Amino acid sequence: MTLNIHAVRAIYMFEMNRAFRTWAQSIIAPVLTTSLYFIVFGTAIGSRMGDIGGVDYGAYIIPGLLMLSLLSESISNASFGIYMPKWSGTIYELLSAPVNWVEVLLGYVGAAASKSLLLGTLILLTARFFVPYHIAHPVWMVGFLLLTVVSFCLFGFIIGLWADSFQKLQVIPLLVITPLTFLGGAFYSINMLPEPWQTVSLFNPVVYLISGLRWAFYGQADVHIAVSTGMTLVFMAACLTVVWWVFKTGRRIRR
C-alpha cells in the first residue's frame, strides 16, 4: 500500500492551523489551569507536605499534573477534529476522496498528538517557574509521553466517531478520564493508601500511565515500568483495532 503523503499533510496542516487560530483555548487555557495547580498544590500545600520517596512534593506531582492535562487535551483535540466534518457534512468529501483509513488516521491523530506534545512541553517549561525538578530518564520520558499521547488521541478519535452531539464529546473526558486521573495517583502515591483501596487502585488504567511517567522522571514508580508500558501498548492496539473496524464497516462515520 502506497501512502498518500499529500492527503496526510493536508489533513494535518488543516488541523494544526485550526489549533493556532484558537490558541487561547487550545494552548494558553490548559497551561494557565496547570499553573494554578502548581501554585496551590506545589507551592502552598507542597511546602507543608515534605517529600515523598525523597522527592519534593511540588516536583512529585509534576507527572500527575502533566497526565491530567495531556489525557483530557489529547481526547478533546482528536474527538473534536473528526467530529466537526461529521457535524458540517464535509465527512462525505473525505470519504469520497482517494484516501484510506490509515491516511485519515495519520492526519487527524498526528495533528492531535502534535498539539498535545506542544502543550506538554509548555507545561514542563512552566513548572520550572514553580518547582525545581530533574528528569532521570529523559529518553524514556519522551518515548512514554509519545506513546501515551498517541494512545489517547486514538481513543479521542473513537469518541469523535461515536458522538452524535457536542455534549457527548465531553461526557467521557469529564465523567471518566478526569476522575480516574485524580484517583490514579496524580497527587499521591497509591502505596500511601490502606488496603483494600491500594489493590482497587490497580484496576484504574490511569495509575499505570502516571506511574510510568513518574518513573521516567524520578526512577520510582507504584507499578513496574514494564507493566505500565505493556498496559499502554495493549490499550493502543485495542484502539487501532476499533478504528480499523469502524472504517471497514462504515458504522458511526456518518452523522
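Brief remarks follow.
- Each residue in 18, 251 was given a count of other beta-carbon atoms within 10 angstrom of its own, and listing them fewest first yields 251, 18.
- Helix runs (DSSP H) in the chain reaching 15 Å along axis by Cα, Kyte-Doolittle at least 0.0: 5-21, 62-88, 101-127, 138-162, 205-218, 225-249
- Point-charge dipole on Cβ atoms (K/R +1, D/E -1) for the chain, about Cα centre, debye to 20: 720
- In percent, rounded to a whole number, the relative contact order of the chain is 27, using alpha-carbon pairs under 8 Å and six or more apart.
- For residue 52, the amide hydrogen comes within under 5 Å of the amide hydrogens of 57, counting only partners 5 or more places away or on other chains and with H modelled in the peptide plane.
- Calculated over the range 143-200, the projected area of the Cα convex hull averaged across directions stands at 5.2 nm².
- Candidates 235, 130, 80: whichever shows maximal mean-square fluctuation once the chain is modelled as a Gaussian network with Cα springs under 10 Å: 130
- Shape index of the range 5-249: Rg/Rh, with Rg the Cα radius of gyration and Rh the Kirkwood radius from the inverse mean 1/r over Cα pairs, equals 0.99.
Just so you know, all these numbers are worked out from the coordinates, no wet-lab data involved. None of these values were measured; they are calculated from a predicted model. When we count neighbours, we look across all protein chains shown, and the Cβ atoms used for this are built from the backbone with ideal geometry, even at glycine.
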